[in-house]
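What follows is calculated from the coordinates using simple rules that are stated; it is not laboratory data. Bear in mind that the values here come from a model prediction, so they are computed numbers and not experimental data. In this analysis, Cβ positions are derived from the backbone assuming ideal geometry, glycine residues included, and neighbour counts consider all displayed protein chains.
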Amino acid sequence: MKQKTSVTLSSDLLAQIDRDAGSKSSRSAFIEEILREYFKQKIRHAIYERDLRLINENAEALNREAEDVLRYQAPIEFETEE
C-alpha cells in the first residue's frame, strides 16, 4: 500500500532528479527506487560490519585452525620449463 507524503527539496536537487528520472519514470517512482537501494545498502553494510566483528573476535582461533589444516597439505612440486 502506498501513502502520499510531501517532501520539500531544493530546486537544484529536483532538477537533477528530473534529469536522471527522464520521461520514463515519475519523480515518486524514481525517489522510491533510490530509497529502496539506499536501505538495501544500509542492511548490507550492517551485515558486513557484523561479520567483520565476528571474524576479528575469533581471528586467533580461526588462524590456529587454518595453520592446523595447512600442516596436512601435501607439498606442491612444480616442473619448470627449461
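Only one residue of Y48, I31, T5 has its Cα farthest out toward the positive end of the dipole of the chain, where Lys and Arg carry +1 and Asp and Glu -1 on Cβ, and that residue is T5.
Let's test the formula: R0 of 41 Å, r as the Cβ-Cβ distance of D12 and V69. What FRET efficiency results, to the nearest 0.05?
For R0 = 41 Å, the calculated efficiency reads 0.15.
Annotation for F30 and I47: the two label points, set 7 Å from Cα along the Cα-Cβ direction, are 2.9 nm apart.
Take the alpha-carbon positions of the chain, form their convex hull, and give its projected area averaged over all directions (one quarter of the hull surface) in nm². Walk me through the intermediate numbers first.
Numbers: hull surface 56.9 nm².
Mean shadow area of the hull around the Cα atoms is 14.2 nm².
The simple spin-label model puts a point 7 Å past each Cα toward its Cβ; for A59 and Q3 those points are separated by 4.4 nm. For the chain, a simple Cβ point-charge model (Lys and Arg +1, Asp and Glu -1, everything else neutral) yields a dipole of about 1260 debye relative to the Cα centre.
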